Amino acid sequence: MEIRTAVPTDAPQMSFMLKQLVASGKRTSPADEAFIMRNYIEDPDRILCSVAIDDDGTLLGFQSLMWALDRNRFETPVGWGIIGTHVSPLAGRRGVGSSLFDVTKKAAYDAGLENIEAFIGSTNVEGQAYYEKMGFRTYRIAEGAICKCCRLQEFK
Ligand SMILES: CC(C)(COP(=O)(O)OP(=O)(O)OC[C@H]1O[C@@H](n2cnc3c(N)ncnc32)[C@H](O)[C@@H]1OP(=O)(O)O)[C@@H](O)C(=O)NCCC(=O)NCCS
(Lines give C-alpha, C1' and ligand atoms only; values in the text may rest on other atoms or scores of the structure.)
Protein backbone atom coordinates (compact mmCIF):
# COMPACT_ATOMS: atom_id res chain seq x y z
CA MET A 1 0.00 0.00 0.00
CA GLU A 2 1.25 3.47 -0.89
CA ILE A 3 0.24 6.59 1.04
CA ARG A 4 0.64 9.86 -0.87
CA THR A 5 -0.89 13.33 -1.10
CA ALA A 6 -4.22 13.42 -2.94
CA VAL A 7 -4.23 15.07 -6.38
CA PRO A 8 -7.15 16.15 -8.61
CA THR A 9 -6.94 12.97 -10.72
CA ASP A 10 -7.82 10.98 -7.56
CA ALA A 11 -11.25 12.64 -7.37
CA PRO A 12 -13.13 10.04 -9.50
CA GLN A 13 -11.93 7.11 -7.36
CA MET A 14 -12.54 9.06 -4.14
CA SER A 15 -16.07 9.83 -5.31
CA PHE A 16 -16.70 6.20 -6.25
CA MET A 17 -15.50 5.05 -2.83
CA LEU A 18 -17.56 7.63 -0.92
CA LYS A 19 -20.63 6.53 -2.91
CA GLN A 20 -19.94 2.96 -1.75
CA LEU A 21 -19.86 4.23 1.84
CA VAL A 22 -23.16 6.04 1.25
CA ALA A 23 -24.69 2.87 -0.22
CA SER A 24 -23.54 0.85 2.79
CA GLY A 25 -25.07 3.36 5.19
CA LYS A 26 -21.72 4.64 6.48
CA ARG A 27 -21.92 8.16 5.06
CA THR A 28 -24.64 10.78 4.61
CA SER A 29 -22.62 13.76 3.30
CA PRO A 30 -22.22 14.42 -0.47
CA ALA A 31 -19.89 12.17 -2.45
CA ASP A 32 -19.64 13.92 -5.82
CA GLU A 33 -16.34 14.99 -7.37
CA ALA A 34 -17.01 18.73 -6.97
CA PHE A 35 -17.58 18.24 -3.22
CA ILE A 36 -14.36 16.23 -2.98
CA MET A 37 -12.33 18.85 -4.81
CA ARG A 38 -13.72 21.67 -2.69
CA ASN A 39 -13.64 19.96 0.73
CA TYR A 40 -10.62 17.67 0.51
CA ILE A 41 -8.19 17.96 -2.40
CA GLU A 42 -8.25 21.74 -2.87
CA ASP A 43 -9.73 22.89 0.43
CA PRO A 44 -7.93 26.18 1.16
CA ASP A 45 -7.96 25.28 4.89
CA ARG A 46 -6.32 21.90 4.35
CA ILE A 47 -3.11 20.82 6.01
CA LEU A 48 -2.98 17.49 4.21
CA CYS A 49 -5.24 15.10 2.35
CA SER A 50 -3.65 11.67 1.84
CA VAL A 51 -4.81 8.72 -0.20
CA ALA A 52 -3.98 5.05 0.37
CA ILE A 53 -3.49 3.20 -2.90
CA ASP A 54 -3.29 -0.57 -3.40
CA ASP A 55 -0.55 -2.16 -5.54
CA ASP A 56 -2.94 -2.33 -8.50
CA GLY A 57 -3.80 1.39 -8.27
CA THR A 58 -7.11 0.94 -6.45
CA LEU A 59 -7.98 3.60 -3.90
CA LEU A 60 -8.32 2.00 -0.45
CA GLY A 61 -9.10 5.12 1.54
CA PHE A 62 -8.23 8.71 2.29
CA GLN A 63 -7.79 11.00 5.27
CA SER A 64 -8.04 14.77 5.47
CA LEU A 65 -6.62 17.17 8.03
CA MET A 66 -7.62 20.83 7.96
CA TRP A 67 -7.30 23.89 10.11
CA ALA A 68 -10.23 24.81 12.32
CA LEU A 69 -10.79 28.44 11.41
CA ASP A 70 -13.23 30.95 12.87
CA ARG A 71 -16.87 29.77 12.52
CA ASN A 72 -15.95 26.34 11.10
CA ARG A 73 -19.01 24.14 10.59
CA PHE A 74 -17.97 21.64 13.28
CA GLU A 75 -17.53 24.35 15.93
CA THR A 76 -14.08 22.94 16.62
CA PRO A 77 -11.91 25.33 18.67
CA VAL A 78 -10.00 27.71 16.41
CA GLY A 79 -6.42 26.64 15.77
CA TRP A 80 -7.09 22.92 16.22
CA GLY A 81 -6.97 20.40 13.38
CA ILE A 82 -10.10 18.69 12.05
CA ILE A 83 -9.68 15.15 10.74
CA GLY A 84 -11.82 13.02 8.44
CA THR A 85 -11.21 9.35 7.54
CA HIS A 86 -12.83 7.29 4.80
CA VAL A 87 -11.83 3.68 4.08
CA SER A 88 -13.41 1.53 1.37
CA PRO A 89 -15.97 -0.94 2.73
CA LEU A 90 -13.98 -3.55 0.77
CA ALA A 91 -10.74 -2.73 2.61
CA GLY A 92 -11.85 -2.43 6.22
CA ARG A 93 -9.81 -3.65 9.19
CA ARG A 94 -6.66 -4.11 7.11
CA GLY A 95 -4.72 -1.28 8.66
CA VAL A 96 -5.53 1.33 6.00
CA GLY A 97 -6.89 3.84 8.50
CA SER A 98 -3.94 3.28 10.83
CA SER A 99 -1.41 3.79 8.03
CA LEU A 100 -3.13 6.98 6.94
CA PHE A 101 -3.01 8.33 10.50
CA ASP A 102 0.75 7.71 10.76
CA VAL A 103 1.21 10.16 7.87
CA THR A 104 -1.43 12.62 9.09
CA LYS A 105 0.09 12.72 12.57
CA LYS A 106 3.46 13.70 11.15
CA ALA A 107 1.82 16.48 9.10
CA ALA A 108 0.04 17.68 12.24
CA TYR A 109 3.32 17.94 14.14
CA ASP A 110 4.97 19.69 11.20
CA ALA A 111 2.10 22.21 11.09
CA GLY A 112 2.51 22.90 14.81
CA LEU A 113 -0.89 21.55 15.81
CA GLU A 114 -1.49 20.65 19.44
CA ASN A 115 -4.97 19.13 19.12
CA ILE A 116 -6.96 17.32 16.44
CA GLU A 117 -10.71 16.83 16.64
CA ALA A 118 -12.73 14.05 15.01
CA PHE A 119 -16.47 14.58 14.58
CA ILE A 120 -18.08 11.11 14.60
CA GLY A 121 -21.73 10.13 14.27
CA SER A 122 -23.08 9.01 17.63
CA THR A 123 -24.18 5.64 16.17
CA ASN A 124 -20.91 5.08 14.27
CA VAL A 125 -19.41 2.42 16.49
CA GLU A 126 -16.51 1.50 14.18
CA GLY A 127 -15.55 5.15 13.67
CA GLN A 128 -15.47 5.68 17.42
CA ALA A 129 -13.43 2.50 17.95
CA TYR A 130 -10.99 3.54 15.22
CA TYR A 131 -10.32 6.98 16.68
CA GLU A 132 -10.01 5.58 20.21
CA LYS A 133 -7.36 3.17 18.88
CA MET A 134 -5.54 6.11 17.25
CA GLY A 135 -5.37 7.84 20.65
CA PHE A 136 -8.41 10.12 20.47
CA ARG A 137 -10.61 10.54 23.53
CA THR A 138 -14.15 11.91 23.90
CA TYR A 139 -13.94 15.65 24.40
CA ARG A 140 -17.50 16.90 23.90
CA ILE A 141 -20.89 15.73 22.68
CA ALA A 142 -22.55 17.61 19.81
CA GLU A 143 -26.01 17.05 18.34
CA GLY A 144 -25.89 13.55 16.83
CA ALA A 145 -22.13 13.32 17.17
CA ILE A 146 -19.36 12.42 19.53
CA CYS A 147 -16.28 14.62 19.24
CA LYS A 148 -12.97 13.02 20.10
CA CYS A 149 -9.73 14.87 20.59
CA CYS A 150 -6.16 13.77 20.02
CA ARG A 151 -3.73 15.76 22.19
CA LEU A 152 -0.54 15.47 20.20
CA GLN A 153 1.85 16.31 23.02
CA GLU A 154 0.72 13.12 24.78
CA PHE A 155 2.39 11.05 22.03
CA LYS A 156 5.78 12.61 22.66
C1 LIG B 1 -13.58 3.74 10.77
C2 LIG B 1 -12.62 3.43 9.61
C3 LIG B 1 -11.92 4.71 9.18
C4 LIG B 1 -11.57 2.43 10.12
O5 LIG B 1 -10.62 2.22 9.09
P6 LIG B 1 -9.81 0.84 8.98
O7 LIG B 1 -8.88 0.95 7.84
O8 LIG B 1 -10.78 -0.28 8.94
O9 LIG B 1 -9.02 0.84 10.35
P10 LIG B 1 -7.79 -0.11 10.76
O11 LIG B 1 -7.87 -1.40 10.00
O12 LIG B 1 -6.53 0.67 10.66
O13 LIG B 1 -8.15 -0.42 12.28
C14 LIG B 1 -7.59 0.31 13.35
C15 LIG B 1 -8.41 0.04 14.59
O16 LIG B 1 -9.70 0.65 14.47
C17 LIG B 1 -10.67 -0.15 15.18
N18 LIG B 1 -11.65 -0.64 14.21
C19 LIG B 1 -11.60 -0.52 12.85
N20 LIG B 1 -12.71 -1.06 12.31
C21 LIG B 1 -13.45 -1.53 13.32
C22 LIG B 1 -14.70 -2.21 13.39
N23 LIG B 1 -15.42 -2.51 12.30
N24 LIG B 1 -15.17 -2.58 14.62
C25 LIG B 1 -14.48 -2.28 15.74
N26 LIG B 1 -13.27 -1.65 15.74
C27 LIG B 1 -12.78 -1.28 14.53
C28 LIG B 1 -9.90 -1.31 15.79
O29 LIG B 1 -9.48 -0.93 17.09
C30 LIG B 1 -8.70 -1.41 14.86
O31 LIG B 1 -7.59 -2.01 15.45
P32 LIG B 1 -7.44 -3.64 15.43
O33 LIG B 1 -7.82 -4.12 14.07
O34 LIG B 1 -6.00 -3.85 15.77
O35 LIG B 1 -8.39 -4.15 16.50
C36 LIG B 1 -13.37 2.79 8.40
O37 LIG B 1 -14.11 1.69 8.87
C38 LIG B 1 -14.31 3.76 7.70
O39 LIG B 1 -13.89 4.50 6.82
N40 LIG B 1 -15.59 3.72 8.06
C41 LIG B 1 -16.60 4.56 7.37
C42 LIG B 1 -16.38 6.07 7.56
C43 LIG B 1 -16.14 6.43 9.00
O44 LIG B 1 -16.79 5.93 9.89
N45 LIG B 1 -15.15 7.34 9.22
C46 LIG B 1 -14.71 7.73 10.55
C47 LIG B 1 -15.66 8.50 11.37
S48 LIG B 1 -16.26 9.96 10.65
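The values are calculated or read from the model by the stated rules, or taken from the named source; none is laboratory data. Just so it is clear, the model here is predicted, and its values are computed rather than measured. Cβ placement follows ideal geometry from the backbone for every residue including glycine, while neighbour counts extend to all protein chains displayed. These area figures cover heavy atoms from the full protein model, side chains too; ligands, DNA and RNA do not enter into them. Shrake-Rupley method; radii C 1.70, N 1.55, O 1.52, S 1.80 Å.
Which lysines, on any chain, are close to LYS148 with Cα under 21 Å apart, when same-chain ones fewer than 8 places away are left out?
Filter leaves LYS26, LYS105, LYS106, LYS133, LYS156.
With the contact rule set at Cα under 8 Å and sequence spacing of 6 or more, what percent relative contact order holds for region 2-155?
18
What is the spin-label model distance, in nm, from LYS106 to LEU69 if the labels are put 7 Å beyond Cα along the C-beta direction?
Using points 7 Å along Cα→Cβ, the separation is 2.7 nm.
How tilted is helix 11-23 with respect to the longest principal axis of the chain? Cα atoms for both, answer in degrees (0 to 90, nearest 10).
Value to nearest ten degrees: 80.
If all Cα-Cα distances of the chain are sorted into 5 Å bins from 0 onward, what percent lands in each bin, rounded to whole numbers?
2, 9, 19, 23, 24, 16, 6, 1, 0
Considering the Cα positions of region 62-123, please state its Rg to one decimal place and its Dmax as a whole number of Å.
Final numbers for Rg and Dmax: 12.6, 37 Å.
For region 56-63, just list the computed ³J(HN,Hα) in residue order, Karplus coefficients 6.51, -1.76 and 1.60, θ = phi - 60°, integers in Hz, with x standing in for Gly and Pro.
With the stated coefficients, region 56-63 comes to 8, x, 6, 6, 9, x, 8, 9 Hz.
First measure r as the distance between the Cβ atoms of VAL22 and ALA142, then evaluate 1/(1 + (r/R0)^6) with R0 = 25 Å and state the FRET efficiency to the nearest 0.05.
0.70
Can you tell me the 0 to 90 degree angle between the C-alpha axis of helix 96-111 and the longest principal axis of the chain, rounded to 10?
Long axis of 96-111 versus the principal axis of the chain: about 50 degrees.
To the nearest 20 Debye, how big is the dipole of region 2-155 about its Cα centre, given +1 on the beta carbon of each Lys and Arg and -1 on that of each Asp and Glu?
420
What accessible area, in Å² to the nearest ten, does a 1.4 Å probe give for ASP110?
ASP110 has an accessible surface of roughly 110 Å² with all protein chains in place.
Starting from the 7 Å offset along Cα-to-Cβ, what nm value, one decimal, do you get for the label separation of GLU154 and ARG94?
3.1
Given only helices, namely DSSP H runs of n ≥ 4 each adding -39500 (n - 2.57), what is the per-residue ellipticity at 222 nm of the chain, to the nearest 500 deg cm²/dmol?
Theoretical 222 nm ellipticity from helices: -8000 deg cm²/dmol.
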